[in-house]
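*Asks:* Would you mind keeping the following structure in view while I ask a few things?
The values are calculated or read from the model by the stated rules, or taken from the named source; none is laboratory data. Keep in mind that what you see is a predicted model, and the values were worked out from it rather than measured. Reconstructed Cβ throughout: ideal geometry from the backbone, glycine too, with neighbour counts over all protein chains shown. Accessible surface is based on the protein model in full, side chains and every heavy atom, while ligands, DNA and RNA are left aside. Shrake-Rupley method; radii C 1.70, N 1.55, O 1.52, S 1.80 Å.
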Amino acid sequence: MTENRFRAAAYSKTVSSGRVSWSAPSNIALVKYWGKKADQIPQNPSISFTLNECKTITTVSFSKKESEHEFSFDLYLDGEKKVDFKPKIHTFFKRIAQYLPFLKTYHFKIETSNTFPHSSGIASSASGMSALALCLMSIENLHLESEMAEADFNKKASFLARLGSGSACRSIEGDLVVWGDHKEVTGSSDHYGVRYPFTVHDNFKAYQDVILLVDKGEKQVSSTVGHNLMHNHPYSQQRFEQAHSNLSELIKVFESGDLDAFIGIVESEALTLHAMMMTSMPYFILMKPNTLNIINAIWKYRQDTGSKVCFTLDAGANVHVLFPKKESDSVLVFIKKELASFCQDENYIIDHVGFGANKNDI
Ligand code: DP6
């Protein structure tokens with residue numbers, strides 16, 4: 001069983017207290033994860049670009065406590081104690097306790113902040129859960145005779161992060177990460193994300209992602225509710241198969257550098273994700289009128305200029321505008337002049353592909 005390899009070896013050191021800190025990025029899926037089985041196992045493989053600027057910075061201070069019966073932690077967002085986040089962390093701790101035997105022996109103070117505004121409508125669960133998983137892995141390391149090798153450390157961090165939020169397992173490394181068994185992707189697993197192992201054409205290096213904040217409100221549909229809509233969904237099996245074949249196609253595209261083929265797959269994935277929500281029971285429309293205005297403006301710009309800009313969407317109204325680095329100057333002008341007015345308060349975030357999480361010196 002894959003899970004068994006993540007059970008901790010006997011700890012040889014005792015640690016009474018300490019402090020660790022990590023920054024972990026968000027990621028944007030090109031082939032989407034939508035639908036899961038028990039224990040956070042995805043119904044299909046997904047692949048994402050790791051982002052660079054949208055990050056969560058988490059510091060965990062820990063000290064031994066008397067009783068080992070219960071989890072004990074406090075969570076602070078931007079210095080403010082947040083009780084409403086506690087149930088999610090509690091569920092996470094319950095899921096991962098068997099892999100981190102020290103979890104009930106400490107009181108944890110979890111201090112977290114995001115580089116993007118909390119009210120931006122950008123989900124912080126991927127970056128947040130991966131930063132927390134990495135902090136817990138650093139605490140595990142302190143208990144070991146010699147530190148884990150980096151590859152094993154990252155694999156277990158990704159495995160743990162997945163149990164917090166599926167897409168979080170793709171936020172440990174960069175610049176392209178695959179999560180979910182796929183017959184052509186060497187080393188791929190339903191249990192953790194792996195760095196994309198094949199050739200990537202220079203066209204896809206330092207790819208740009210500008211996140212247009214169309215709706216900064218709370219998510220209309222939580223991801224748990226959303227994933228559950230894929231149970232008994234009339235089109236789910238075809239969709240899961242399509243994700244496999246789209247990933248196979250992307251392997252060829254990453255090798256050849258074919259940007260038109262890339263656009264076709266990425267935009268279709270985004271619209272399919274939303275089509276799944278529109279055709280589930282109950283059904284949802286998560287796009288807003290301005291989401292469509294932006295998509296139409298991107299298509300027109302592409303037709304008028306021959307640009308290779310394209311869009312993708314998460315389970316919400318915001319639009320990720322993706323384009324090659326060499327188009328940065330022109331597309332940023334286009335966004336400012338023609339797309340910013342469709343954003344709430346004209347807000348957007350300029351990001352690009354990055355290389356994963358970093359440990360902070362404290
Ligand atoms: C639409 O990872 O947020 O962003 O596992 O329930 O925490 P949970 O779901 P989550 O789902 C993200 C879905 C998505 C597509 C993707 O990132 O692949």
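*Asks:* Residues that are within 16 Å of the ligand (Cβ to nearest atom) and open to solvent by 70 Å² or more (accessible area, probe 1.4 Å): does region 120-140 have at least one?
*Replies:* Scanning region 120-140, I find no residue that is within 16 Å of the ligand (Cβ to nearest atom) and open to solvent by 70 Å² or more (accessible area, probe 1.4 Å), so the answer is no.
*Asks:* Looking at region 191-211, can you tell me whether even one residue there is part of a strand (DSSP E or B), touching a residue at least 60 places away in the same chain (Cβ under 8 Å) and hydrophobic (A, V, I, L, M, F, W, C)?
*Replies:* yes
*Asks:* Kindly establish whether residue 117 is closer than 30 Å to residue 319 by Cβ and not acidic (Asp, Glu).
*Replies:* So residue 117 fits the description; yes.
*Asks:* Let me ask something else about it. Which members of region 213-245 meet the condition of being open to solvent by less than 70 Å² (accessible area, probe 1.4 Å) and among the basic types (Lys, Arg)?
*Replies:* Hits for region 213-245 are 216, 239.
*Asks:* Hey, among 210, 177, which residue is out of contact with any Leu (no Cβ under 6 Å at 6 or more places or on another chain), among the aliphatic types (A, V, I, L, M) and either within 16 Å of the ligand (Cβ to nearest atom) or open to solvent by 20 Å² or more (accessible area, probe 1.4 Å) (or both)?
*Replies:* Step by step, each of 210, 177 is checked, and only 177 is out of contact with any Leu (no Cβ under 6 Å at 6 or more places or on another chain), among the aliphatic types (A, V, I, L, M) and either within 16 Å of the ligand (Cβ to nearest atom) or open to solvent by 20 Å² or more (accessible area, probe 1.4 Å) (or both).
*Asks:* Could I ask something else about it? Any residue at all in region 84-101 that's in contact (Cβ under 8 Å) with a residue 60 or more places away in the chain, outside any helix (DSSP H, G or I), farther than 24 Å from residue 52 by Cβ and away from the ligand (no atom under 16 Å from the Cβ)?
*Replies:* There is at least one residue in region 84-101 that is in contact (Cβ under 8 Å) with a residue 60 or more places away in the chain, outside any helix (DSSP H, G or I), farther than 24 Å from residue 52 by Cβ and away from the ligand (no atom under 16 Å from the Cβ).
*Asks:* For residue 327, which of the numbered conditions (1) closer than 25 Å to residue 199 by Cβ; (2) surrounded by 19 or more Cβ atoms within 10 Å (Cβ to Cβ); (3) away from the ligand (no atom under 16 Å from the Cβ) fails to hold?
*Replies:* That leaves (2) as the condition not met.
*Asks:* Here's a follow-up. Could you say which residue among 65, 37 is out of contact with any helix residue (DSSP H, G or I) (no Cβ under 9 Å at 6 or more places or on another chain) and at pLDDT 95 or above?
*Replies:* On inspection, the qualifying residue turns out to be 37.
*Asks:* Restricting attention to region 82-109, and to residues there that are among the β-branched types (Val, Ile, Thr) and within 22 Å of residue 14 (Cβ to Cβ), which single residue is surrounded by the most Cβ atoms within 10 Å (Cβ to Cβ)?
*Replies:* 96
*Asks:* Just one of the numbered conditions (1) within 24 Å of the chain's Cα centre (by Cα); (2) away from the ligand (no atom under 14 Å from the Cβ); (3) closer than 24 Å to residue 350 by Cβ is not true of residue 296; which one?
*Replies:* Residue 296 satisfies all of (1) within 24 Å of the chain's Cα centre (by Cα); (2) away from the ligand (no atom under 14 Å from the Cβ); (3) closer than 24 Å to residue 350 by Cβ except (1).
*Asks:* Continuing with the same structure: For region 271-289, state whether one or more residues are in contact with a Cys (Cβ under 9 Å, 6 or more places away or on another chain), in contact (Cβ under 8 Å) with a residue 24 or more places away in the chain, within 30 Å of residue 203 (Cβ to Cβ) and surrounded by 14 or more Cβ atoms within 10 Å (Cβ to Cβ).
*Replies:* no
*Asks:* Spot the failing condition for residue 125; the list is (1) small (Gly, Ala, Ser); (2) in contact with a helix residue (DSSP H, G or I) (Cβ under 6 Å, 6 or more places away or on another chain); (3) closer than 30 Å to residue 245 by Cβ, and only one is missed.
*Replies:* (2)
*Asks:* Residue under question is residue 226, and the condition is that it be without any contact (Cβ under 8 Å) to a residue 60 or more places away in the chain and not assigned by TED's automatic domain parsing to the domain that holds residue 45; does it hold?
*Replies:* No, not satisfied.
*Asks:* Residue under question is residue 15, and the condition is that it be open to solvent by less than 70 Å² (accessible area, probe 1.4 Å), in a strand (DSSP E or B) and in contact (Cβ under 8 Å) with a residue 24 or more places away in the chain; does it hold?
*Replies:* Against the criterion (open to solvent by less than 70 Å² (accessible area, probe 1.4 Å), in a strand (DSSP E or B) and in contact (Cβ under 8 Å) with a residue 24 or more places away in the chain), residue 15 does not qualify.
*Asks:* Would you confirm whether or not region 26-37 contains a residue that is of a type outside the set (D, E, K, R), buried (at least 19 other Cβ atoms within 10 Å of the Cβ) and away from the ligand (no atom under 13 Å from the Cβ)?
*Replies:* no
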